[in-house]
Structures are given as structure tokens and as C-alpha cells.
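The values are calculated or read from the model by the stated rules, or taken from the named source; none is laboratory data. From a predicted model like this one, the values you see are computed outputs, not experimental measurements. Note: ideal-geometry Cβ built from the backbone for every residue, glycine included; neighbour counts use all protein chains shown. For accessibility, only protein heavy atoms count, side chains too; no ligands or nucleic acids. Shrake-Rupley method; radii C 1.70, N 1.55, O 1.52, S 1.80 Å.
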Amino acid sequence: MPELPEVETVRRVLELWVKNKRISDTHLYYSRVLEDIEFTLFKEKIINQKINDVQRIGKYLLFMLDDYVLVSHLRMEGKYYLIKDNILDEKMDKYKIIDFSLDDGSTLLYNDVRKFGKMKLLKKDEYLKDVSLKKLGKEPFYISKEELFEKIKNSNKPIKELILDQSVMSGLGNIYADEVLYACKINPLRKGKNLNMEECSLIIEKSIVVLNKAIELGGSTIRSYHSGNKVDGRFQNELKVYGKKGEKCENCASLIEKTVVGGRGTHYCPNCQKY
Ligand SMILES: [Zn+2]
């Protein structure tokens with residue numbers, strides 16, 4: 001599953017590829033990618049729309065068209081390619097889901113090996129009301145310590161689960177949540193209600209550091225994920241605890257442990273992150 005830094009990297013690449021280009025045609029190869037709309041109608045609405053901008057809310061990519069917003073969620077394995085010469089390699093051809101012909105002769109192709117990715121077309125003046133976007137909490141870049149404190153102060157859930165909950169704060173996925181709590185020296189199992197304002201402030205601060213670093217390095221490439229065509233992530237070289245079970249903590253040389261919190265594999269240093 002791509003996390004916020006990967007999606008932001010994809011957004012930046014997409015912006016370079018498609019901004020200010022007009023959609024001249026579209027072809028669908030897997031109908032279940034489209035939510036709440038028949039392809040015939042989708043095609044009718046989207047043709048001749050210009051892509052004025054590519055934005056992002058949480059892990060949703062938003063193609064800002066003239067009259068609509070095309071919302072895309074990559075889920076597990078969704079990938080975009082820009083095809084300039086109409087030549088697809090075998091793998092690109094096998095997993096194609098939908099494509100968009102652009103007025104400069106290039107084609108934006110959406111591929112998805114697992115087919116979990118989704119797209120929906122919303123009216124421009126209504127897209128923020130869409131349920132899936134509305135329920136997203138603010139990203140670490142925008143949330144205040146008071147807001148985070150308010151959201152977790154009565155919770156019996158472990159802090160790891162809370163910062164993964166996209167309605168509390170959006171943008172942190174499993175890898176980055178472990179890295180953030182390690183950087184904060186906060187045990188992932190501590191209950192939300194036991195954290196103070198200062199610790200909320202620290203979580204926000206370290207989330208921003210970790211996400212910015214990951215965005216700068218193009219996200220991580222854990223498993224098969226690649227953003228865009230040729231952007232490879234180097235953040236995985238920066239990971240301190242995620243996937244490091246049994247290795248020495250850089251800070252205190254204790255061995256990193258792995259447990260499960262809210263169903264997700266969770267890595268931490270038992271010495272630096274005391275309960
Ligand atoms: Zn340690």
C-alpha cells in the first residue's frame with residue numbers, strides 16, 4: 001500500500017506529465033475501477049476537459065478538471081504511466097485498467113496488478129462533500145497539537161492505532177507510524193488518553209520530519225511499489241525500526257521488537273520506547 005509520501009511523489013510526477021493538457025479520449029479495460037458511474041456517461045463527461053491541476057487529499061489523488069474532479073485512489077498496487085510512443089511492454093499491457101488520451105498525443109495509462117484501485121468523478125463544486133474525503137482528518141502539516149489532543153484524550157486505543165486512523169490524522173501509514181513513534185520515544189501500545197499535550201506536539205513535529213524526508217527521497221519502495229515511471233524511493237535506507245526486528249536500535253543497541261497493534265505489525269525499541 002503506497003503511503004502519503006509515495007502518493008505525493010506520484011502527484012508531483014503526474015503534475016509534470018498532465019497539467020494543462022486536455023483529455024481527448026478514454027478507454028476502459030476493467031469496469032470495476034469506476035465508482036458510481038457508467039463508463040458511457042463517464043466518457044461523455046470527461047472528454048474535452050482540461051487537467052488544470054493535480055492535487056492530493058490524504059492518499060487520494062485529485063485531477064482538477066474544468067467542471068469535475070477525477071478522484072483516484074491507488075490502493076495496493078495502482079500505478080500511472082505516461083505513454084508517448086504508443087508502445088506498451090507486456091506487463092503494462094496485461095494490467096491496464098483505464099487510459100486517457102491527451103491532446104499532445106501522449107496517453108496517461110492507469111495500471112493495477114491487484115485491481116483494488118478506484119476512481120470516481122465528482123462535480124467540482126461538490127467534491128469536498130464526498131464522504132470518503134470529508135471523513136479524513138487533517139495531515140500532520142495542518143493539524144494543531146490541541147486538535148490532536150482533543151481527538152485522542154478520551155481514547156483507550158493504543159496510540160499506534162490512533163495515528164493510523166485516517167479520521168484522527170491523515171497521512172501516516174504503517175511504516176511511517178512506527179518510525180514516528182520511535183522518533184518520539186513513545187511506546188506504540190500507550191493509550192491515547194494517557195498522552196499529554198506535549199507528546200501530541202512531538203508526534204506532529206516528528207510526523208512532519210519523517211514525511212518530509214520521505215517525500216524528499218521519493219517515498220519508500222517496500223515490496224513492489226514504484227511511484228510513476230522512473231521514480232525510485234530511497235527512504236527505506238532511512239528506516240530505523242520498521243522491518244528491523246532483532247536488529248540493534250541505533251540509539252541504545254537494544255534489540256528491536258515486533259508486536260501487533262490493531263492488526264498491524266508494529267516495530268519498536270523496548271528500551272527507548274518504554275511503556
Ligand atoms: Zn533504543
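Pull up region 52-97, narrow it to residues that are of a type in the set (F, W, Y), within 13 Å of M119 (Cα to Cα) and open to solvent by 30 Å² or more (accessible area, probe 1.4 Å), then point me to the one that is modelled with the lowest pLDDT. Within region 52-97, the match that is modelled with the lowest pLDDT is Y60.
Given the criteria in contact with a Lys or Arg (Cβ under 8 Å, 6 or more places away or on another chain) and among the aliphatic types (A, V, I, L, M), does L136 qualify?
It is false that L136 is in contact with a Lys or Arg (Cβ under 8 Å, 6 or more places away or on another chain) and among the aliphatic types (A, V, I, L, M).
Taking strands (runs of 3 or more DSSP E) as the structural unit, those lying wholly within region 21-69 and holding at least 3 residues that are in contact with a Phe, Trp or Tyr (Cβ under 8 Å, 6 or more places away or on another chain) correspond to 23-28. For region 162-190, the set of residues classified as open to solvent by 30 Å² or more (accessible area, probe 1.4 Å) and free of Cβ contacts under 8 Å to residues at least 60 places away in the same chain consists of D165, S167, A183, listed by residue number.
The criterion of at least 3 residues that are under 25 Å from N196 (Cα atoms) and not aromatic (F, W, Y) is met, among helices (runs of 4 or more DSSP H) falling completely within region 74-157, by 145-152.
Looking at F235 and the list (1) buried (at least 22 other Cβ atoms within 10 Å of the Cβ); (2) modelled with pLDDT of 90 or more, which single condition is not satisfied? Single failed check for F235: (2).
Annotation: V260 fulfils all but one of (1) more than 28 Å from K157 (Cα to Cα); (2) more than 15 Å from the ligand (Cβ to nearest atom); (3) hydrophobic (A, V, I, L, M, F, W, C); (4) modelled with pLDDT of 95 or more; the unmet one is (1).
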